[in-house]
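The values are calculated or read from the model by the stated rules, or taken from the named source; none is laboratory data. Being a predicted model, the structure only gives us computed values, none of them experimental. Counting neighbours? That spans all protein chains shown, and the Cβs are built from the backbone with ideal geometry, glycine included.
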Amino acid sequence: MDLLSIIGVVLGFGAIVGGIMLHGNGPGALWGPAAFVIVFVGTTAAILVQTPMATFKHGLKILRWVFKPPAQDPAALIARIVEWSNAARKQGLLALESSAEAEADPFVRKGLQMLVDGAEPDMIRNTLDVEMGNREHFDLAGAKVFEGMGIYAPTLGIIGAVMGLMEVMANLADPSKLGSGIAAAFVATIYGIATANLFMLPIASKLKSVIADQSRVRELIVEGLVSISQGDNPRNIEAKLQGYLH
């Protein structure tokens, strides 16, 4: 679990609720049905118009990475690559067939199978680079779902505030309604700006960071498999791949 993300979400809610209470109001002051509909439903509508369905579903799927990123252990992966290199050096590339069949990661399994099949180093690199690039592109598109919501939410908040002020202006003849009406109007602004800057944009940035980490690990895998294909010394392969740990 990513403890910092959990703490950040709790502090984000706490900052808004605590701030309104320190101003002498109760948490109920933050509730506005009209503002909720305008900001949250409107933001969802905007992102649905912008995003293909497959990308939207993928964005929701990878949202969990904010709190539980995919487990990655580059050091252990380097040790496995060195082990494969030793096996290939002593017994030939066909010795890796059992490792390919037992491999759970489809990306690694594909690379190992190409090694077993005797693919040239350039073919292995080009094939895996294409797959890695497409995966990164799709994951980034999913992260941009939340980035888009972070862009639209403040604008919808302003629209909600303007609509609330229009209602206030329509009731100028009744001064008793002005204060509460203006307060309700600005709830939409709070919803929009707080949602964007405390949650949506940080979520998008965290997902991009996780995706970048995954891509670096895949680059390590590609470099290791290509080095095995070239017949490099296992110790040299390990020394080269150690650079990915820093």
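Exactly one residue out of Ala95, Ala100, Ala119 is surrounded by 17 or more Cβ atoms within 10 Å (Cβ to Cβ) and either aromatic (Phe, Trp, Tyr) or over 31 Å from the mean Cα position of the chain (by Cα) (or both): that is Ala119.
Rundown of residues vs (1) over 28 Å from the mean Cα position of the chain (by Cα); (2) at pLDDT below 90; (3) hydrophobic (A, V, I, L, M, F, W, C); (4) farther than 28 Å from Leu207 by Cα, yes/no style:
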{"position": "Ser5", "(1), (2), (3), (4)": "no, yes, no, no"}
{"position": "Gly14", "(1), (2), (3), (4)": "no, yes, no, no"}
{"position": "His23", "(1), (2), (3), (4)": "yes, yes, no, yes"}
{"position": "Gly42", "(1), (2), (3), (4)": "no, no, no, no"}
{"position": "Pro52", "(1), (2), (3), (4)": "no, no, no, no"}
{"position": "Phe56", "(1), (2), (3), (4)": "no, no, yes, no"}
{"position": "Leu63", "(1), (2), (3), (4)": "no, no, yes, no"}
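Scanning the range 129-172 for residues that are without any contact (Cβ under 8 Å) to a residue 12 or more places away in the chain and not aliphatic (A, V, I, L, M) gives Gly133, Asn134, His137, Asn171. Only one entry of Gly142, Gly111 meets the criterion of being modelled with pLDDT of 95 or more and surrounded by 15 or more Cβ atoms within 10 Å (Cβ to Cβ), and that entry is Gly142. Determine, yes or no, whether Arg80 is modelled with pLDDT of 90 or more, surrounded by fewer than 13 Cβ atoms within 10 Å (Cβ to Cβ) and more than 30 Å from Ile182 (Cβ to Cβ). Taking the combined requirement at face value, the residue does not satisfy it. In the range 78-94, the residues that are free of Cβ contacts under 8 Å to residues at least 24 places away in the same chain form Cβ pairs under 8 Å with partners that are assigned to a helix (DSSP H, G or I) and surrounded by 15 or more Cβ atoms within 10 Å (Cβ to Cβ), at six or more places apart or across chains, as follows: Ala87/Ala95; Ala87/Leu96; Ala87/Ser99; Leu94/Val116. Among the residues of the range 36-58, those that are under 16 Å from Thr155 (Cα atoms) and among the hydroxyl-bearing types (Ser, Thr, Tyr) comprise Thr43, Thr44. Screening Val108, Val145 for residues that are part of a helix (DSSP H, G or I) and either farther than 28 Å from Met53 by Cα or not hydrophobic (A, V, I, L, M, F, W, C) (or both) leaves exactly one candidate, Val108.
Of all residues in the range 100-128, those that are in the same structural domain as Arg80 (by TED's automatic domain parsing) have Cβ atoms under 7 Å from Cβ atoms of residues that are assigned to a loop (DSSP other than H, G, I, E, B) and surrounded by fewer than 19 Cβ atoms within 10 Å (Cβ to Cβ), 6 or more apart or on another chain, in Arg109/Glu103; Leu112/Glu103; Pro121/Gln230. Listed conditions (1) loosely packed, with under 15 Cβ neighbours inside 10 Å; (2) over 30 Å from Val9 (Cβ atoms); (3) not hydrophobic (A, V, I, L, M, F, W, C) are all met by Lys68, apart from (2).
Test of understanding: among Lys240, Lys208, which residue is surrounded by fewer than 20 Cβ atoms within 10 Å (Cβ to Cβ), at pLDDT 95 or above and of a type in the set (D, E, K, R)? Within the list Lys240, Lys208, the selection yields Lys208.
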